[in-house]
Amino acid sequence: MAGTFAVGGLVSGLDWYKVIDQLMAIEHRRVDILDNKKGSYQTKLSTWGTVSSKLSTLLSDVQALNDLSTTGAMSASSSDEDILTATANSSASIGSYSIVVSALAQAHKISSDERTSISEALGYSGEILINGEAVAVESTDTLSDIKDKINSADAGVSATILKVSDSSYRLILTREETGSTEIALADVNGGTLLEDLGLVDTSDSSQDNSLWFSDTTSTIKSLIGSAASFTSQTVTINGTNVSIDLSQDSLQDIKDKLVAVGIDASIESDTDSSGNTTYRIDITGGITSYTDSANTLEVLGFVRPGVKNQLEAAQDASLTVDGLSVTRSTNQISDLIAGVTLNLEDTSASAVTLTISQDTATRKQAIEDFVSSYNDLMGYIREQFSYNPDTDSEAQPLMGDSTLRYIEESIRDVIISQVSGLSSSLDALARIGITTDYNTGDLEIDDSTLDGYLASNPQDIINLFTASATTTDPEVTYMTHSDDTVAGTYGITITQVAEKASVEGDYVIDSGGISQDETLTFTVDGSTEVVVDLTSGDGIDDIVNKINSEMDSQGVEVTASNDGGRLKITHNYYGSSHSVEVVSNRASSSTSTGIGTTAKSDTGQDVAGSFTQGTETYAATGSGIYLTGSEGATKGLMVGISSDTTGDQGEITLAFGIAEQLERKLDSWTSSDGLISTRQEGLQDTIDDLSDQITSMESQLDLKRQQLEEQFTNMEMLLNQIKSTSDWLTQQVSSWYR
């Protein structure tokens, strides 16, 4: 039997196992042919894997070259990096600046008085306010407990404990942000906890402004997160008494109370770079005298206690740029010179020169990387198509492969072609010193020529490699395009301009404000409801502030404005997906907001239009101010339209540079369902089919060997029986003659 130890031919004398092996070797030739064929396909598959890897490397280098942060790279250099360093992005402009750094920004840092332990209860209780956030302290709290509570309050202050000696500890408060803004401290409800801790002394001073609060309509108690019980307190400002209840009054209420007793007060707003708006009360002329027995003005921020132990003063960075004085709250400044970020390291008495220039080194390196990966790929492809019968024993695995030939020709066509649509004569690689060596097929770089154009024509180099667009109408802005968009020149026709949803009151509001309390209910974008309560006497500016405060606090993109005395409500965004509806509980009149009890509503409008090229017209869809091609050559082409009139909007010319064209092809070929994957999957399917055939044939051959072994074994048995019979007969015959 196959796979077992046996000795053949004991009876016959014939080595029939050797015979079977020879017979099976002949039968196995069909399997060997398939096995060799399978090996050939496996070699092709492996070779395609190498091609895929080299294509991916080229794609990576092409993507870098097609990225403005690379091709449009700018560099910033400082004549003294001990004083300042800088970085520049592609939006920076060439220039030189003389900078003197006179002061670095630093954070406010203060200390408590010394304590002998961090783990013993201090016996202090009450509530303090740090940067507008309440911190409750209990009599059992230790210095370490207070530190933890301050850090948990998320007040923009870092609390630490400094060990001066084994029996001396201080609580250190450091503002998390640098700049001239100090840590705002307040004792709540007439308490003295800050004094007890030694953070403040008995002195205080007045401020023209309150603290910044997140909205104007919520109670002060809720805004500061206080658990204290507040009651109405009478404070005196510039000799005038005002009753304020922090548990009931909002910022708007307090401002109204100040105005009602003759104090000129208004609400200011400020929106940061993240879009967060805060509000504070400003008292015109400031506070010259005050009384504040319950710390009400201190909680609001109009009165600030004196710091007892200041370790570092709050300070802005101060510098001069080309003789102009500048201050900023941080030492990293990105809003001073467009596209440039300054990092202030130290102060200096003398000027430091900052130079912004083209980063030709980064651009050239990207080009060199691209040329290198291109040569590597194309060299490997050429190797597959080369065959010398005198020296090569066999052809390369992908010799004559039509798919590989298509890839080679497609890439070469892009490399040697001119980029259409460019205004510059630098519209081909050869024009900037990148040429083909006709002996090797490799790209070569003429460093002198390329360096010259990188220095003198940087934008032309960018356009040669990347996608670029020019428009003839300043009210048309190119936004983006898709993989379906075809380079070319297209006309733009607008049949409908974009509009924002907007409603307006019927009347100019009286100078004395509204005559009764009023409630406005807004429905924004069909679902979001916002309710704003107005108070009798609110003027147009008060109404606008209250609405905007409430919208900001809820993150709703609607803005109220004073339109010649009328209340105007406008959605912040263009387009039909945005709507505004508002209704009042009071009839429309000059002594109300003029909105009325019948809802006023409006829906925005999308831009509408089309693209044209010759006699072809391509449909487009509008979304807000953006018009996007939806068919044909302009599919995916998006432009922004700021015009408020319909009609012809000029033309847009879209040019696809070398890197843009190659990225489209390479990305398509190397995608999960692209040309390379399809080719590899086809080869793998063939290999799998061959493996199945081989397995089946091997099983059949194993069965045939088994049958042959059984047949030869049976033959041996028969021969053995015949021999036994012969021996018996011989014995019998012999016995007859004895």
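The values are calculated or read from the model by the stated rules, or taken from the named source; none is laboratory data. Quick caveat: nothing in here was measured; it's all calculated off a predicted structure. All Cβ positions, even for glycine, are placed from backbone atoms using ideal geometry, and neighbour counts span all protein chains on display.
Residues being under 30 Å from Ser46 (Cα atoms) and of a type in the set (Ser, Thr, Tyr) are entirely absent from segment 716-724.
None of Glu383, Glu444 is modelled with pLDDT under 95, of a type outside the set (S, T, N, Q) and surrounded by fewer than 14 Cβ atoms within 10 Å (Cβ to Cβ) except Glu383.
A single entry from Thr71, Thr43, Thr57 fulfils the requirement of being in contact with a Lys or Arg (Cβ under 7 Å, 6 or more places away or on another chain) and over 28 Å from Ser348 (Cβ atoms): Thr71. In the set (1) touching a residue at least 40 places away in the same chain (Cβ under 8 Å); (2) surrounded by fewer than 16 Cβ atoms within 10 Å (Cβ to Cβ), the condition left unmet by Asn151 is number (1). For first residues located in segment 568-586 and touching a residue at least 12 places away in the same chain (Cβ under 8 Å), partners that are assigned to a loop (DSSP other than H, G, I, E, B) and of a type in the set (Ser, Thr, Tyr) and lie 6+ apart or on another chain with Cβ distances below 6 Å form the pairs Ser584/Thr593; Arg586/Ser592.
For segment 248-279, the tally of residues that are closer than 20 Å to Ser226 by Cβ, in contact (Cβ under 8 Å) with a residue 40 or more places away in the chain and not in a helix (DSSP H, G or I) stands at 2.
If you go through segment 591-633 and keep only what is surrounded by 17 or more Cβ atoms within 10 Å (Cβ to Cβ) and either touching a Pro at 6+ places or on another chain (Cβ under 6 Å) or more than 30 Å from Tyr490 (Cβ to Cβ) (or both), you end up with Thr591, Ser592, Thr593, Gly594, Ile595, Gly596, Lys600, Asp602.
Working only within segment 305-356, note down all residues that are assigned to a loop (DSSP other than H, G, I, E, B) and surrounded by fewer than 14 Cβ atoms within 10 Å (Cβ to Cβ). Ala313, Asp322, Gly323, Asp335, Ala338, Asp346, Ala349, Ser350 - these are the residues of segment 305-356 that are assigned to a loop (DSSP other than H, G, I, E, B) and surrounded by fewer than 14 Cβ atoms within 10 Å (Cβ to Cβ). Within segment 150-170, does at least one residue satisfy the condition of being in the same structural domain as Ile220 (by TED's automatic domain parsing), aliphatic (A, V, I, L, M) and in a helix (DSSP H, G or I)? Taking every residue of segment 150-170 in turn, at least one turns out to be in the same structural domain as Ile220 (by TED's automatic domain parsing), aliphatic (A, V, I, L, M) and in a helix (DSSP H, G or I). Those strands (runs of 3 or more DSSP E) of segment 434-546 in which 2 or more residues are among the polar types (S, T, N, Q) and under 30 Å from Gly596 (Cβ atoms) occupy 518-524. Answer yes or no as to whether Ser402 is in contact (Cβ under 8 Å) with a residue 60 or more places away in the chain and not β-branched (Val, Ile, Thr). No. Just one of the numbered conditions (1) over 23 Å from Ile20 (Cα atoms); (2) touching a His at 6+ places or on another chain (Cβ under 9 Å) is not true of Glu698: (1). With respect to the stated conditions, Tyr406 is over 34 Å from the mean Cα position of the chain (by Cα) and either farther than 27 Å from Glu383 by Cβ or not in a loop (DSSP other than H, G, I, E, B) (or both).
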